[in-house]
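Following: one structure in C-alpha cells, then a few remarks.
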Amino acid sequence: MNEYKLFIREVRKQIAVQNMTQAAVANQLQIDRATLNQQLAGVREMRASVAFGLARILGISLDKIMEEAR
C-alpha cells in the first residue's frame, strides 16, 4: 500500500477514535464535507494545507500519523 493510502487510512481511524465526524472536520478545515469525503476515499488528491490542517485538528503531527500508519 502506498504512503498516501496509509495516511488516509490513519486519518480516518483518528477521526473515528476521537469521535469526530467528517462534517465537523470539514467545517474546521473550512472545506465542503463532500470534498473531504472524496479526499479520504482516495478519489480526490488532498492539498498539503488540508493535510496539515487535519494534523492540527486531530492533535497529531503528520510524522506521527505516518508512523502510526505503518
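Stretching residue 45 away from residue 9 to a fully extended chain increases their span by 11.6 nm, per 0.36 nm per residue minus the current alpha-carbon distance. Take the chain with all the other protein chains still there, run a 1.4 Å probe, and you get 64 Å² of accessible area per residue. Modelled this way, with points 7 Å down the Cα-to-C-beta line, the labels at residue 56 and residue 31 are 1.3 nm from one another. Residue ranges 62-68, 7-13, 43-49 sort as 7-13, 62-68, 43-49 when ordered by packing (mean number of other C-beta atoms within 10 Å per residue, highest first).
Placing unit charges on each Cβ (+1 for Lys and Arg, -1 for Asp and Glu) gives the chain a dipole about its Cα centre, and among 61, 43, 8 the Cα reaching farthest toward its positive end belongs to 43.
The values are calculated or read from the model by the stated rules, or taken from the named source; none is laboratory data. Since we're looking at a predicted model, the values are computed, not measured. Methodologically, a virtual Cβ is constructed for each residue, glycine included, from the backbone with ideal geometry; neighbour enumeration extends over all protein chains shown. The accessibility values were calculated without ligands, DNA or RNA, using every heavy atom of the protein model including side chains. Shrake-Rupley method; radii C 1.70, N 1.55, O 1.52, S 1.80 Å.
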